Amino acid sequence: MTATALETYDPRTFRARTFDDAAAHFRDGTDTPRAYLERCLETIVACEPVVQAFAALNEAGARAAADASTARWKEGRPLSAIDGLPIGIKDLLETRDMPTQMGCEAYRDHCPQRDNAAVWALRQAGAVLLGKTVTAELGGSQPGPTRNPFDLARTPGGSSSGSAAAVAARMLPAAIGTQVGGSIIRPAGFCGNVALKPTQGGINRGERQATSMSTHGVHAGCLEDMWQVAIEIARRAGGDRGCAGLFGPPTPPAAVQPTRLIVLETEGWTVLDDLSKAGFAQLLESLQGAGVTLLRRSAHPWIEALEKAIGNAGAICNAITGWENRWAMRNLVDEHPDGVSQRAKNTLARAEAMSPEDYRAALLARETAQLCHARLAPLADAVITLSCPGPAPLWPGDVPGAPLAPHPTGNAVFNYPSSMLFAPAVTMPLMSVSGMPVGVQLMGQQHDDARITGLARWLLGTVPPVVVR
């Protein structure tokens with residue numbers, strides 16, 4: 001690890017840390033979960049001082065859990081396929097043995113001493129909870145200290161910044177993130193991870209039920225680990241209240257070639273840089289060369305209708321989330337006026353300027369967009385688009401006395417659609433632009449999580465990654 005970055009990113013040669021291929025060695029005794037954990041810790045020692053992905057570490061607890069896992073594998077009775085997998089937990093989720101500070105000064109040293117539902121399920125599956133990963137303040141847009149491992153001057157994305165960076169820097173094979181607007185898929189796209197943002201309600205959020213678009217998801221170094229972590233949680237904790245939960249096989253879905261994909265522009269197309277556009281065009285050409293039919297907005301009026309319905313997705317998502325968060329935020333600001341950032345206060349002010357009619361209008365727009373999306377199901381296997389609007393932006397920090405930057409962790413413009421549509425999305429590290437990762441995502445119909453994971457597996461194994469400079 002240098003003082004500037006891990007390396008120039010090239011998706012053709014970069015190798016993330018993975019766990020799926022370790023199980024065979026655990027079975028035959030040539031490796032152990034404890035030894036695997038120690039390799040993760042060695043990487044953390046080397047990288048964490050500059051990447052700053054963790055809000056808290058629990059090395060002692062992780063070593064004890066890894067030792068218990070080692071004994072289970074030796075006896076031939078692992079609890080699950082992820083028994084012994086070291087994992088990071090985004091510091092919005094409660095953990096009984098580590099603080100939950102939410103990137104917010106008002107929650108400094110907050111220790112609830114209980115587990116989030118997904119955290120509980122991971123422990124039941126034998127996963128090794130190594131640390132809490134940095135989140136932007138309260139899951140919003142005020143950045144934490146984490147830096148992009150491939151260029152320390154750039155953001156890793158938000159709000160799951162620590163989860164994305166820890167996986168990208170090979171400190172962990174997997175980490176839990178959350179998304180309301182774009183907080184799983186965007187940072188994964190900026191950091192070269194695979195990640196799943198499930199169907200809304202697919203993974204039980206436990207105590208984090210305040211907003212109607214929040215989801216738990218998984219960052220990982222490979223698709224196999226991504227799926228296995230998600231399904232092991234869902235098999236134990238289920239989905240959110242009133243939701244059916246994540247559907248799919250108990251092992252990673254097999255690769256499936258898509259027949260037709262809809263190329264979705266979203267409102268992000270107008271802010272996308274030319275190099276990223278060129279790289280995406282090259283990737284789409286490869287798909288067509290492999291026999292996949294691509295449908296664009298001009299191909300069918302239903303596609304055009306969806307593009308129009310999500311044309312202001314960012315404003316719709318922000319209005320809904322702001323309104324739903326305003327009560328808790330008002331109480332927090334009143335109780336801790338100096339413990340909440342000005343960015344968060346500005347968000348609260350915009351929400352408090354809304355009326356119930358504004359909220360209802362946003363809900364109606366969301367419902368209309370969902371109906372437009374559902375109507376596309378017979379037309380194609382999935383939607384394909386970018387995961388982020390080009391490479392992660394430079395982030396030097398706020399300038400005292402100057403207006404606050406509008407998107408310090410990057411623009412979620414390509415992510416709002418899947419959030420408002422309650423649709424599953426998988427991002428894949430298939431592009432590099434100017435030496436930085438740029439993710440490509442597949443989005444499916446609600447409860448198509450396993451299907452798009454299989455499609456993504458095919459893309460990752462078939463389509464050559466694109467490098468543009």
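The values are calculated or read from the model by the stated rules, or taken from the named source; none is laboratory data. Because the structure is predicted, anything quoted here is derived from the model rather than measured. Please note: Cβ atoms are built from the backbone with ideal geometry, for glycine as well, and neighbour counts cover all protein chains shown. With ligands, DNA and RNA removed, areas are computed over all heavy atoms of the protein, side chains included. Shrake-Rupley method; radii C 1.70, N 1.55, O 1.52, S 1.80 Å.
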Per-region count, region 117-126, residues open to solvent by 10 Å² or more (accessible area, probe 1.4 Å) and closer than 21 Å to A68 by Cα: 3
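Would you confirm, using the coordinates I've provided, whether I176 is part of a loop (DSSP other than H, G, I, E, B), modelled with pLDDT of 95 or more, crowded, with 24+ Cβ neighbours inside 10 Å and in contact with a Gly (Cβ under 8 Å, 6 or more places away or on another chain)?
Working: part of a loop (DSSP other than H, G, I, E, B): no; modelled with pLDDT of 95 or more: yes; crowded, with 24+ Cβ neighbours inside 10 Å: yes; in contact with a Gly (Cβ under 8 Å, 6 or more places away or on another chain): yes.
Against the criterion (part of a loop (DSSP other than H, G, I, E, B), modelled with pLDDT of 95 or more, crowded, with 24+ Cβ neighbours inside 10 Å and in contact with a Gly (Cβ under 8 Å, 6 or more places away or on another chain)), I176 does not qualify.
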Region 211-230: number of residues that are surrounded by 24 or more Cβ atoms within 10 Å (Cβ to Cβ) and either in contact with a Ser or Thr (Cβ under 8 Å, 6 or more places away or on another chain) or assigned to a strand (DSSP E or B) (or both): 12
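Output the residues belonging to region 260-304 that are of a type in the set (G, A, S) and assigned to a helix (DSSP H, G or I). Lay out the reasoning, then the answer.
Step one: of region 260-304, the residues of a type in the set (G, A, S) are 268, 276, 278-279, 281, 286, 289-291, 298-299.
G268, S276, A278, G279, A281, S286, G289, S298, A299 - these are the residues of region 260-304 that are of a type in the set (G, A, S) and assigned to a helix (DSSP H, G or I).
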Failed item, numbered, when V333 is tested on (1) open to solvent by less than 40 Å² (accessible area, probe 1.4 Å); (2) out of contact with any Asp or Glu (no Cβ under 9 Å at 6 or more places or on another chain); (3) touching a residue at least 24 places away in the same chain (Cβ under 8 Å); (4) of a type outside the set (D, E): (3)
Matching residues in region 417-445 - criterion: being out of contact with any Ser or Thr (no Cβ under 6 Å at 6 or more places or on another chain) and in a helix (DSSP H, G or I): S418, S419, M420
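Could you tell me which of the residues A60, A55, A64, A68 is open to solvent by 20 Å² or more (accessible area, probe 1.4 Å) and closer than 30 Å to A153 by Cβ?
A55
Do we find a residue being closer than 20 Å to A168 by Cα and either open to solvent by 80 Å² or more (accessible area, probe 1.4 Å) or not hydroxyl-bearing (S, T, Y) (or both) anywhere in region 22-34?
Among the residues of region 22-34, at least one is closer than 20 Å to A168 by Cα and either open to solvent by 80 Å² or more (accessible area, probe 1.4 Å) or not hydroxyl-bearing (S, T, Y) (or both), which makes the answer yes.
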Filter result (within 24 Å of C372 (Cα to Cα) and open to solvent by less than 10 Å² (accessible area, probe 1.4 Å)) within region 264-281: L264, G268
In region 446-465, residue surrounded by the fewest Cβ atoms within 10 Å (Cβ to Cβ) [restricted to those that are among the hydrophobic types (A, V, I, L, M, F, W, C) and part of a helix (DSSP H, G or I)]: W458
Unmet requirement for W73, which otherwise passes all of (1) surrounded by fewer than 18 Cβ atoms within 10 Å (Cβ to Cβ); (2) farther than 28 Å from P143 by Cβ: (1)
Meets criteria (open to solvent by 30 Å² or more (accessible area, probe 1.4 Å) and either aliphatic (A, V, I, L, M) or out of contact with any Pro (no Cβ under 9 Å at 6 or more places or on another chain) (or both)) for N346: yes
Selection count where residues are part of a loop (DSSP other than H, G, I, E, B), open to solvent by less than 10 Å² (accessible area, probe 1.4 Å) and either at pLDDT below 95 or in contact with a helix residue (DSSP H, G or I) (Cβ under 7 Å, 6 or more places away or on another chain) (or both), scope region 373-408: 5
Residue in region 309-322 that is open to solvent by less than 10 Å² (accessible area, probe 1.4 Å) and of a type in the set (G, A, S) present: yes
Where a residue in region 391-408 is in contact (Cβ under 8 Å) with a residue 12 or more places away in the chain and its partner, wherever it lies, is of a type in the set (A, V, I, L, M, F, W, C) and surrounded by 10 or more Cβ atoms within 10 Å (Cβ to Cβ), with Cβ under 7 Å and at least six apart: P391/V433; P391/M436; P391/V438; A392/F190; A392/M436; L394/A153; P408/W395
Yes/no for R205 being basic (K, R) and in contact with a Phe, Trp or Tyr (Cβ under 8 Å, 6 or more places away or on another chain): no
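Residues are listed down the side, and each one gets a yes or a no for (1) open to solvent by 10 Å² or more (accessible area, probe 1.4 Å); (2) over 15 Å from the mean Cα position of the chain (by Cα); (3) over 17 Å from V218 (Cα atoms); (4) not charged (D, E, K, R):
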residue: A81; (1), (2), (3), (4): yes, yes, no, yes
residue: K90; (1), (2), (3), (4): no, no, no, no
residue: R108; (1), (2), (3), (4): yes, yes, yes, no
residue: Q113; (1), (2), (3), (4): yes, yes, yes, yes
residue: T133; (1), (2), (3), (4): no, no, no, yes
residue: P145; (1), (2), (3), (4): yes, yes, yes, yes
residue: G157; (1), (2), (3), (4): no, no, no, yes
residue: S161; (1), (2), (3), (4): no, no, no, yes
Filter result for L196 (touching a helix residue (DSSP H, G or I) at 6+ places or on another chain (Cβ under 6 Å), part of a loop (DSSP other than H, G, I, E, B), closer than 20 Å to I89 by Cβ and open to solvent by less than 10 Å² (accessible area, probe 1.4 Å)): no
Matching option when the condition is assigned to a helix (DSSP H, G or I), under 30 Å from A106 (Cα atoms) and modelled with pLDDT of 95 or more, among G314, G339: G314
Failed criterion for T427 (all others in (1) over 14 Å from A188 (Cβ atoms); (2) under 20 Å from the mean Cα position of the chain (by Cα); (3) hydroxyl-bearing (S, T, Y) hold): (1)
Residue in region 187-194 that is under 18 Å from the mean Cα position of the chain (by Cα) and on the phi > 0 side of the Ramachandran plot present: yes
Residue in region 231-250 that is buried (at least 24 other Cβ atoms within 10 Å of the Cβ) and without any contact (Cβ under 8 Å) to a residue 40 or more places away in the chain present: yes
